[in-house]
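Worksheet: one structure, shown below.
The values are calculated or read from the model by the stated rules, or taken from the named source; none is laboratory data. Please read these numbers as outputs of a predicted model, since none were measured by experiment. Ideal geometry is used to build each Cβ from the backbone, glycine not excepted, and the neighbour counts take in all protein chains shown.
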Amino acid sequence: MGEPDGRRRRGQDNRARIVKAMLELVQAGDVAPVAEVVAARADVGLRTVFRHFKDMDSLYGEMSAAVDTEVRALVERPYTTDKWRDQLSELVDRRAVLFEKIAPFRQASERLRGRSAFIAGEQVRMAMILRDILRQIIPMDMGTENFEALDMILSYEVWARLRREQKLSVDDAKVVIRRVILGITG
């Protein structure tokens with residue numbers, strides 16, 4: 001009677017180790033780890049990995065939940081000021097930390113987006129969360145065009161371009177973003 005529960009627990013433990021291994025590999029820069037590498041990192045058999053890899057979207061879901069927990073702590077922290085312009089400046093710092101933290105996962109998800117409805121949905125969900133956070137800061141009379149411009153300049157895509165393609169340091173990328181924000185907000 002206890003054997004099925006033991007097998008289920010072992011299966012859950014193996015799955016957790018696979019998810020942890022995938023997170024570690026992606027964080028280390030392997031944006032699409034192969035099953036053999038995941039198996040070695042998780043210390044499970046290759047067949048075990050393949051059994052769990054059949055349902056990739058649920059694995060992505062578990063990976064996303066683990067990343068979300070860390071991200072939530074960054075974005076839900078109260079601001080140190082009540083002035084919207086200062087909050088906007090603080091938001092630049094927060095997004096810099098957030099985007100640096102999630103960069104390997106975003107790069108991996110970009111490669112897999114076409115193969116996973118879950119990943120595509122997660123990217124839309126994250127964009128909506130970031131838009132809502134921005135909406136809570138800026139004055140209601142800011143105007144749609146200004147809001148959209150701020151949302152764009154504060155996006156992961158702009159951050160990634162500044163960091164990867166333009167090879168700016170974190171501090172230099174923040175300076176560029178703040179300069180554009182100043183042009184939008186006056």
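The residue that is surrounded by the fewest Cβ atoms within 10 Å (Cβ to Cβ), counting only those in region 1-28 that are at pLDDT 80 or above and either touching a Leu at 6+ places or on another chain (Cβ under 9 Å) or assigned to a loop (DSSP other than H, G, I, E, B) (or both), is Ala28. Tyr79 passes every criterion in (1) at pLDDT 85 or above; (2) part of a helix (DSSP H, G or I) apart from (2). The condition of being closer than 30 Å to Asp151 by Cβ and either in contact (Cβ under 8 Å) with a residue 24 or more places away in the chain or outside the structural domain of Ile137 (by TED's automatic domain parsing) (or both) holds for only one of Val92, Val19, that being Val92. Surrounded by 12 or more Cβ atoms within 10 Å (Cβ to Cβ), at positive phi and without any contact (Cβ under 8 Å) to a residue 60 or more places away in the chain, is that true of Gly143? So Gly143 fits the description; yes.
With the structure loaded, tell me whether Pro33 is outside the structural domain of Leu150 (by TED's automatic domain parsing) and either in a helix (DSSP H, G or I) or modelled with pLDDT of 85 or more (or both) or whether it fails that test. For Pro33, the condition - outside the structural domain of Leu150 (by TED's automatic domain parsing) and either in a helix (DSSP H, G or I) or modelled with pLDDT of 85 or more (or both) - is not met. Tyr60 meets each of the listed conditions (1) of a type outside the set (A, V, I, L, M); (2) without any contact (Cβ under 8 Å) to a residue 60 or more places away in the chain; (3) not assigned by TED's automatic domain parsing to the domain that holds Gln12 apart from (2). Condition check for Gln107 on (1) touching a helix residue (DSSP H, G or I) at 6+ places or on another chain (Cβ under 7 Å); (2) assigned to a helix (DSSP H, G or I): one failure, at (1).
For the condition in a helix (DSSP H, G or I), closer than 19 Å to Lys101 by Cα and in the same structural domain as Lys101 (by TED's automatic domain parsing), Ala73 qualifies.
Scanning region 125-175 for residues that are of a type outside the set (A, V, I, L, M, F, W, C), within 18 Å of the chain's Cα centre (by Cα) and either part of a helix (DSSP H, G or I) or farther than 17 Å from Phe99 by Cβ (or both) returns Arg125, Arg131, Asp132, Asp151, Tyr156, Glu157, Arg161, Arg163, Arg164.
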